[in-house]
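The values are calculated or read from the model by the stated rules, or taken from the named source; none is laboratory data. Bear in mind that the values here come from a model prediction, so they are computed numbers and not experimental data. FYI the Cβ positions are ideal-geometry reconstructions off the backbone, even for glycines, and counts take in every protein chain you see.
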Amino acid sequence: MGCPICMDDTRAFHLQYDRKTCYFDCHRQFLPEQHPYRRNKKAFSKNRVEYKVARPRLSGDQLLD
């Protein structure tokens, strides 16, 4: 588990040669839905618009369950 908010639903990927986990460009889902960066294809990787909405934040007790 790399992100306590996304849990198993993360969009992380492995770098081709290093085999390290990369969370690049996964952060736009946490912006408000009408934020201009969510629609900006040129400034971010993968040339896509972000439609996914972040999951609600969990409390410490919920994380441990």
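Selection within the stretch 51-65: residues that are among the hydrophobic types (A, V, I, L, M, F, W, C) and touching a helix residue (DSSP H, G or I) at 6+ places or on another chain (Cβ under 8 Å). The member of this set that is surrounded by the most Cβ atoms within 10 Å (Cβ to Cβ) is A54.
Among the residues of the stretch 39-65, those identified as outside any loop (DSSP other than H, G, I, E, B) and free of Cβ contacts under 8 Å to residues at least 24 places away in the same chain are S45, K46, N47, G60, D61, Q62, L64.
Can you find, within the stretch 14-38, the residue that is modelled with the lowest pLDDT among those that are part of a loop (DSSP other than H, G, I, E, B) and surrounded by 12 or more Cβ atoms within 10 Å (Cβ to Cβ)? Before you say what the answer is, go through the steps one by one.
Kept after step one, since they are part of a loop (DSSP other than H, G, I, E, B), are these residues of the stretch 14-38: 15-20, 23-26, 31-35.
Okay, now just the ones that are also surrounded by 12 or more Cβ atoms within 10 Å (Cβ to Cβ), so 23-26, 31, 35.
Values: Y23: 73, F24: 72, D25: 68, C26: 72, L31: 83, H35: 89.
In this case the residue turns out to be D25.
Of everything listed in (1) modelled with pLDDT under 80; (2) within 19 Å of D8 (Cβ to Cβ); (3) surrounded by 10 or more Cβ atoms within 10 Å (Cβ to Cβ), the single unmet condition for R48 is (2).
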